[in-house]
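Enquirer: Have a look at this one.
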Amino acid sequence: MTIKQGMVLAAGLGTRMRPITDTLPKPLVKISGKPLIDYALDALVKAGVERIVVNIHHFAEQMLEHLQNYRDAEIIISDERDGLMNSGGGLAKGLKLLAREPTLVMNADLFWIGEQEHKWNNLDYLAGFYDAARMDMAMLCVDNADTTGHNGKLDFNMDADGVLTRYQEGDPDPVVYAGAIALHPALLDDAPNGPFNLNIYFDKVIAKRRLLGTKLRGHWITVGTPEAIEQAETTIHRFGGLS
């Protein structure tokens with residue numbers, strides 16, 4: 001399946017990135033000369049996405065100026081300048097600007113490298129893995145050993161069928177949420193109008209055994225602190241640069 005619409009969650013304050021984010025929105029922080037959000041946008045485009053919603057809040061004018069120059073996909077703005085909606089509320093609001101069809105969703109502070117060794121890119125894999133008949137969300141996951149910039153927290157356990165449950169100490173197959181999901185907008189039709197955390201929906205879907213995951217190919221990088229910038233660039237260099 002090719003999924004042709006997507007959303008990038010990019011409205012957060014980036015408080016852990018201060019003092020950089022005192023004057024710059026986190027998605028515009030550059031890693032190896034490229035703004036973080038462009039990694040997400042380019043990954044979506046590479047997977048065949050043509051329309052992308054981006055939610056904005058912190059230094060929204062800088063975000064608008066940057067996004068209006070992005071030419072590889074149609075960019076639709078979900079404006080949260082009147083108030084942050086948190087991850088779930090922001091997603092629910094943004095999905096209303098898209099068609100009622102499967103959607104790829106990414107966070108704006110992460111990306112991956114090394115996938116050129118594989119036939120498909122990671123979002124191709126995720127879109128192909130997504131099956132609405134047996135799952136409400138398909139989640140891209142990664143082994144903790146294949147991460148840079150992560151705090152070591154293990155998010156889920158993945159069983160042999162790909163079914164995800166919340167990680168508990170001693171679980172045999174722990175994974176980290178890699179910040180990308182595939183879903184149908186109808187999943188959030190009952191969402192509250194105000195801010196809420198997307199974890200609420202993760203738990204709802206887990207309870208029905210309809211949260212499934214697929215493993216990331218390559219190496220995953222997240223950038224949450226100023227120190228993580230150098231870590232990310234060192235890892236990129238170690239992998240031979242950006243493909």
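Enquirer: When Rg and Dmax of the Cα atoms in Å is calculated directly from the model, which label among (i) 16.1, 45; (ii) 22.6, 90; (iii) 16.8, 48 fits?
Expert: Correct label, based on the coordinates given: (iii).
Enquirer: Can you pull the one-decimal nm distance between simple spin-label points at Lys153 and Thr234, each 7 Å off the Cα toward Cβ?
Expert: Each label point lies 7 Å from its Cα, and together they span 2.3 nm.
Enquirer: If you don't mind, another one. Shape verdict for the stretch 1-126, please, from the Cα gyration tensor: rounded (a/c under 1.5), prolate (a/b greater than b/c) or oblate.
Expert: Values: a/c = 1.86, a/b = 1.24, b/c = 1.50.
Oblate.
Enquirer: Among the trypsin sites (Lys or Arg not before Pro) within the stretch 198-240, which fall in a DSSP loop and have no more than 10 other Cβ atoms within 10 Å of their own Cβ?
Expert: On the way: sites: Lys204, Lys208, Arg209, Arg210, Lys215, Arg217, Arg238; in loops: Lys208, Arg209, Arg210, Arg217.
Here the trypsin sites (Lys or Arg not before Pro) that fit, given the DSSP loop and packing criteria, are Lys208.
Enquirer: Using r as the Cβ-Cβ distance of Asn199 and Gln62, and R0 as 30 Å, what FRET efficiency do you calculate, to the nearest 0.05?
Expert: Values: r = 29 Å, r/R0 = 0.95.
With R0 = 30 Å, the Cβ-Cβ based efficiency is 0.55.
Enquirer: Another one. With r as the distance between the Cβ atoms of Arg16 and Glu169 and R0 = 30 Å, compute the FRET efficiency 1/(1 + (r/R0)^6) and round to 0.05.
Expert: It comes to 0.70.
Enquirer: Follow-up. For the stretch 137-230, which GluC sites (Glu not before Pro) pass both filters: DSSP loop (anything but H, G, I, E, B) and at most 10 other C-beta atoms within 10 Å? Numbers along the way, then the final one.
Expert: On the way: sites: Glu169, Glu227, Glu230; in loops: Glu169.
Hits after loop and neighbour filter: Glu169.
Enquirer: Show that you can apply the helix-only estimate: for the chain, add -39,500 (n - 2.57) for every DSSP H stretch of four or more residues, divide by all residues, and state [θ] at 222 nm to the nearest 500.
Expert: -7000 deg cm²/dmol
Enquirer: Also, quick follow-up: At a 10 Å Cβ-Cβ cut-off, how would you order Asp159, Asp38, Asp131, Asp109, fewest neighbours first?
Expert: Details: Asp159 14, Asp38 19, Asp131 11, Asp109 26.
Lowest count first: Asp131, Asp159, Asp38, Asp109.
Enquirer: Have a look at His184, Asn199, Gly240 and report the one farthest towards the positive end of the charge dipole of the chain, computed about the Cα centre with Cβ charges (Lys/Arg +1, Asp/Glu -1).
Expert: Looking along the dipole axis, the top candidate is His184.
Enquirer: Enumerate lysine pairs in the chain that are 8 or more residues apart or on different chains, then count those whose Cα atoms are under 18 Å apart.
Expert: Summing the qualifying lysine pairs gives 7.
Enquirer: If I take every Cα pair under 8 Å that is 6 or more residues apart in the stretch 66-184, average their sequence separation and divide by the length, what percent do I get for the relative contact order?
Expert: Across the stretch 66-184, relative contact order equals 28 percent.
Enquirer: If you don't mind, there's one more thing I want to ask. Percent antiparallel among DSSP beta bridges with both residues in the chain, to the nearest 5?
Expert: Taking every DSSP beta bridge with both residues in the chain, the antiparallel ones total about 50 percent.
Enquirer: With contacts defined as alpha carbon pairs under 8 Å and 6 or more residues apart, what's the relative contact order of the chain in percent?
Expert: Dividing the mean separation by the residue count of the chain yields 25 percent.
Enquirer: Alpha carbon centre of the stretch 1-18 versus the stretch 60-126: separation in Å?
Expert: Using only Cα atoms, the two centres lie 5 Å from each other.
Enquirer: While we're looking at this one, here's another question. Out of the trypsin sites (Lys or Arg not before Pro) in the stretch 65-106, which ones are loop residues according to DSSP with at most 16 other C-beta atoms within 10 Å? Numbers along the way, then the final one.
Expert: Numbers: sites: Arg71, Arg81, Lys93, Lys96, Arg100; in loops: Arg71, Arg81, Lys96, Arg100.
Here the sparse-neighbourhood loop sites are Arg71, Arg81, Lys96, Arg100.
Enquirer: In percent, what relative contact order does the stretch 120-186 have, based on Cα pairs under 8 Å that are 6 or more apart in sequence?
Expert: About 39 percent, as a whole number.
Enquirer: Using 0.36 nm per residue of separation minus the Cα-Cα distance, give me the extension gain between Thr23 and Ala132 in nm, one decimal. Before the final figure, lay out the partial values.
Expert: Details: separation 109, 0.36 × 109 = 39.24 nm, distance 4.18 nm.
Net length gain for the segment: 35.1 nm.
Since every read-out is calculated from the coordinates, none of them should be taken as a lab result. What you see is a predicted model; the values in this text were computed from it and never measured. Quick reminder, even Gly has a Cβ in these numbers, built from the backbone with ideal geometry, and neighbours come from all protein chains shown.
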